[in-house]
1. Please find, within the stretch 237-266, the residue that is nearest to Ala212 (Cα to Cα) out of those that are among the aromatic types (Phe, Trp, Tyr) and assigned to a loop (DSSP other than H, G, I, E, B).
2. Does the stretch 128-148 contain any residue that is closer than 21 Å to Gly235 by Cα, surrounded by 13 or more Cβ atoms within 10 Å (Cβ to Cβ) and of a type in the set (Asp, Glu)?
3. Would you mind stating whether Val206 is over 22 Å from Phe28 (Cα atoms) and free of Cβ contacts under 8 Å to residues at least 60 places away in the same chain?
4. If you check Ala16, Ala58, Ala53, which single one turns out to be surrounded by 13 or more Cβ atoms within 10 Å (Cβ to Cβ), at negative phi, over 16 Å from the mean Cα position of the chain (by Cα) and in contact (Cβ under 8 Å) with a residue 12 or more places away in the chain?
5. If Gln182 meets every condition in (1) part of a loop (DSSP other than H, G, I, E, B); (2) buried (at least 22 other Cβ atoms within 10 Å of the Cβ) apart from one, which number is that one?
6. Which of the numbered conditions does Gln33 fail, given that it passes all the others? Conditions: (1) in contact with a helix residue (DSSP H, G or I) (Cβ under 8 Å, 6 or more places away or on another chain); (2) polar (S, T, N, Q); (3) loosely packed, with under 14 Cβ neighbours inside 10 Å.
7. Checking Tyr124 against (1) aromatic (Phe, Trp, Tyr); (2) at pLDDT 95 or above; (3) surrounded by fewer than 16 Cβ atoms within 10 Å (Cβ to Cβ), which test does it fail?
8. Among what's in the stretch 62-111 and is part of a helix (DSSP H, G or I) and in contact with a helix residue (DSSP H, G or I) (Cβ under 7 Å, 6 or more places away or on another chain), pick the residue that is surrounded by the most Cβ atoms within 10 Å (Cβ to Cβ).
Amino acid sequence: MIVIIGENRSFDHVFATYVPERHGESVFNLLSQGIVKLDASKNAIPGPNFEKAHQHAAMDNGPNDAFLLSPPKQNFPKDQLPAPLVGGPKVSYIPNKCGSSPITTCEASLVLAQQSESGLPSEYYQFLLSGGTGQTSQTPDQRITNVSTLPAGPFQLTNSDAMPYDSYSASPVHRFYQMWQQLNCNHSAASRDNPSGCGANLFAWVEVTVGAGANGAAQPSNFSTDYSPTATTTGEGSTALGFYNVQKGDVPYFTSLAQKYAMSDNFHQSVNGAPVPTTSCSAMPTCSTSATPTATPRYRRTARRCSAARPTPASCMRSRIRTRLLAPTTGTPRTATAPAAMAASRRPSRRARCPAAAPTATARIRPSPASSRSWTI
């Protein structure tokens, strides 16, 4: 079994457009669900079921409602995502040892890259010399196609002109309260096909209104959810909605693993929040969220057992292993942030047997002093 713990990037970030090679195989991703489709050049564009992953803005005001799991929602202005912002180094982390000559042709820099990291195949070191953003951080990432007019849902991050696969890009937020609100869970939305009641449609909004957070401190007076050279933002934009396109040659190593082994395509993560507890749970036979020591596992035919006495969506995310007919019977479970979590609203009930236990929409949690968050145009 190969376990890949990917901080900040998830299954649909990597395998959104993956298509199995062998007859009789299938995969549950953005392409197979019709959320995206491929154009004549195999670029991913909105598909016939794009609405399944449609993202919303919301209103979550203090002090009476310091934190709502499922706040009142509305469309973004023009039904477009806030622009994803630049993240990562402007130039390669490896210094250019050849002066004004391009670093990608600099033998001395390549030797330095090989000395700095000893675990890569020889053909990979060239990529340590490239990928710089070439832009100012926390500004709209002009390498992304139509960065300022993206429809309100998942978008292809890469392109062949300005954003090749080895490029640096910003990282999505992954913290406890932010992740719960991004999932937008509401018991009144629970149904046979969506027992958790999670809509998973507030990823962009949480990123642009609170981001990694300021531990309850109020946003400055010049704060804006849209980029402005004179305003303060979270520095993220709609980063979480970007995905790679394996149909265009992105993530070749992960793609080779998917082609060789059985793959888990229905596991969100063990615990909502930062990667440390998720990593810990991945190494344990069970991961209980209950304080009751006598709690026993339920739903044993899952890759991650629902071990709490009263399972919640976080402890009841399952992994469905589709065994390939001609491949070794192994798997690659995934951890996720988003947009893989969008799949929570897409899972048929026969694959999602955990009881709907999402907190109610009126639940109020006050982890820190109240601050007002609203969508500003």
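The values are calculated or read from the model by the stated rules, or taken from the named source; none is laboratory data. As the structure is a prediction and not an experimental result, all values here were calculated from the model. Here the Cβ positions follow ideal geometry from the backbone for every residue, glycine too, while neighbour counts run over all protein chains shown.
1. Looking only at the stretch 237-266, we keep the residues that are among the aromatic types (Phe, Trp, Tyr), and these are 243-244, 253-254, 261.
Next, from what is left, pick out any that are assigned to a loop (DSSP other than H, G, I, E, B): 244, 261.
Working: Tyr244: 23, Tyr261: 35 Å.
Filtering the stretch 237-266 for residues that are among the aromatic types (Phe, Trp, Tyr) and assigned to a loop (DSSP other than H, G, I, E, B), the one nearest to Ala212 (Cα to Cα) comes out as Tyr244.
2. So in the stretch 128-148, the residues closer than 21 Å to Gly235 by Cα come out as 131-148.
Remaining after also requiring surrounded by 13 or more Cβ atoms within 10 Å (Cβ to Cβ): 131-135, 137-145, 147-148.
Subset that is of a type in the set (Asp, Glu): 141.
Yes, some residue in the stretch 128-148 is closer than 21 Å to Gly235 by Cα, surrounded by 13 or more Cβ atoms within 10 Å (Cβ to Cβ) and of a type in the set (Asp, Glu).
3. On the way: over 22 Å from Phe28 (Cα atoms): yes; free of Cβ contacts under 8 Å to residues at least 60 places away in the same chain: yes.
Judged against the criteria, Val206 is a match.
4. None of the other options fit; the residue is Ala58.
5. Going through (1) part of a loop (DSSP other than H, G, I, E, B); (2) buried (at least 22 other Cβ atoms within 10 Å of the Cβ) one by one, Gln182 breaks only (1).
6. (3)
7. Just one mismatch for Tyr124, condition (2).
8. Step one: of the stretch 62-111, the residues part of a helix (DSSP H, G or I) are 77-79, 103-105, 107-111.
Keeping just the survivors that are in contact with a helix residue (DSSP H, G or I) (Cβ under 7 Å, 6 or more places away or on another chain) gives 103-104, 109-110.
Numbers: Ile103: 21, Thr104: 14, Ser109: 23, Leu110: 18.
Checking each candidate, the answer is Ser109.
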